[in-house]
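Below is one structure, written out as structure tokens; the observations come after it.
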Amino acid sequence: MGKYPFGEYATRYMESMRGVYADETWKTRMRRYKRMERKVIELKEKKMISTMSPKSMTVEDVRAYVLYCKDRVGQSDLVHEVNALKKLLQFANNSAVDICFNNYPGLKPVFKGNRRKESMDDDVYQLILERSREKDPLDFNMIRAYTLVLMCINTGARNKEIRLAEVKDLDTVTWTFDIVHVKGEDSYGLPRQVPVHPDVRPILDNYLLLRKKWMVDNNSDSPALFPSIYSDDGFLSGNSLRRIKRMVEDDIGVRFDLRQCRRTFGQRILDKDIDIETVSVLMGHASTKTTEGFYSRRRLDRAMETVRGTWNE
């Protein structure tokens, strides 16, 4: 091993996981290990741990790392870092993380927050829809931005799924959208098809016409539904996607993220009395537990209305 064994072990471990994780997940976890390596280097320089090698880290080294991180990252991030450290040490045949939490049970981080985040308010969705109809139909940049956001809200596509979508995945006769590049597409994920809501169809028709002109003007042959001239593959990067979404945020004066758009998709169709199993399938979840735990759940007022509707008064 070289001067920085933590990073070397992390690279070897992540290479062994290539093809197991989806590309975006792999990149996210690799970035996490790089951040963790910087902390390990700092701890070693301060003589707070005995080694930077995952193979040789002791129970006390793990304890020192967790205590060091407690005041520097949120509880959720700490849970992720501890799990990442555990997997890396296990890869190096080192069980120090498990032993550490057996010896110091109060040290183990537990995320107690509300896992299910809020969806977009109906008023915000209506504002986005109304503003989209007011835009200059020849303004490619604004029409593209609103089309992208409305597609995310009305199809439940993840960032990666909308970013890597191709024009051929969209059928404007049957108004269906094939989501091909799903989360975990190389392992557990399965492609799915979703209906395109009537709300998004007019602006989508307009966008497709503007896209054709844009393709000619930029001499592009990208198959992407939302193409880019700045990438080798003709697809937008994740950062570009967020910058385009930001145009809508600035226009309406409300901040939101694309994951909130996905949650809104699930909540909106669930509020239309669609059963949770159907919602789960359309969102690409393997289980309704994921849908209810992280994304959508029947609202209390809707549940009360349903119960009252069964009463014979």
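The values are calculated or read from the model by the stated rules, or taken from the named source; none is laboratory data. Quick caveat: nothing in here was measured; it's all calculated off a predicted structure. Don't worry about glycine lacking a Cβ; one is built from the backbone with ideal geometry, like all the others, and counts go over all protein chains shown. Side chains are part of the model used for accessible areas, which takes the heavy atoms of the whole protein and leaves out ligands, DNA and RNA. Shrake-Rupley method; radii C 1.70, N 1.55, O 1.52, S 1.80 Å.
Kindly establish whether Tyr104 is more than 18 Å from Arg32 (Cβ to Cβ) and open to solvent by 10 Å² or more (accessible area, probe 1.4 Å).
Against the criterion (more than 18 Å from Arg32 (Cβ to Cβ) and open to solvent by 10 Å² or more (accessible area, probe 1.4 Å)), Tyr104 qualifies.
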Does any residue of region 243-254 turn out to be free of Cβ contacts under 8 Å to residues at least 12 places away in the same chain, of a type in the set (Val, Ile, Thr), over 14 Å from Arg158 (Cα atoms) and in a loop (DSSP other than H, G, I, E, B)?
no
In the set Met36, Met14, which member is touching a helix residue (DSSP H, G or I) at 6+ places or on another chain (Cβ under 8 Å) and over 21 Å from Ser187 (Cβ atoms)?
Met36
When restricted to Arg29, Arg133, Arg72, Arg35, the only residue touching a strand residue (DSSP E or B) at 6+ places or on another chain (Cβ under 7 Å) and not acidic (Asp, Glu) is Arg29
Please find, within region 121-148, the residue that is modelled with the lowest pLDDT out of those that are under 21 Å from the mean Cα position of the chain (by Cα) and hydroxyl-bearing (Ser, Thr, Tyr).
Tyr125
Scan of region 267-293 for residues that are touching a residue at least 60 places away in the same chain (Cβ under 8 Å), open to solvent by less than 60 Å² (accessible area, probe 1.4 Å) and out of contact with any Lys or Arg (no Cβ under 6 Å at 6 or more places or on another chain), ordered by number
Gln267, Arg268, Leu282, Met283
How about region 136-146: which of its residues are touching a residue at least 60 places away in the same chain (Cβ under 8 Å) and either of a type in the set (D, E, K, R) or in contact with a strand residue (DSSP E or B) (Cβ under 8 Å, 6 or more places away or on another chain) (or both)?
Arg144
What number of residues within region 131-174 are open to solvent by 40 Å² or more (accessible area, probe 1.4 Å), of a type in the set (D, E, K, R) and in a helix (DSSP H, G or I)?
4
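Could you pull out the residue among Arg201, Arg158, Arg242 that is farther than 25 Å from Met17 by Cα, among the basic types (Lys, Arg) and under 24 Å from the mean Cα position of the chain (by Cα)?
On inspection, the qualifying residue turns out to be Arg242.
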Filter region 65-89 for residues that are more than 23 Å from the chain's Cα centre (by Cα) and not charged (D, E, K, R); the one that is nearest to Pro54 (Cα to Cα) is Leu89
For Ser53, the lone unmet condition from (1) in a helix (DSSP H, G or I); (2) more than 30 Å from Leu164 (Cα to Cα) is (1)
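Would you pick out the residues in region 184-230 that are of a type outside the set (Phe, Trp, Tyr), assigned to a loop (DSSP other than H, G, I, E, B) and either open to solvent by less than 20 Å² (accessible area, probe 1.4 Å) or in contact (Cβ under 8 Å) with a residue 40 or more places away in the chain (or both)?
Within region 184-230, Gly184, Glu185, Asp186, Ser187, Gly189, Leu190, Val196, His197, Ser222, Pro223, Leu225, Ser228 meet the criteria.
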For region 64-98, enumerate the residues that are more than 14 Å from Pro109 (Cα to Cα), free of Cβ contacts under 8 Å to residues at least 12 places away in the same chain and open to solvent by less than 70 Å² (accessible area, probe 1.4 Å).
Ser95
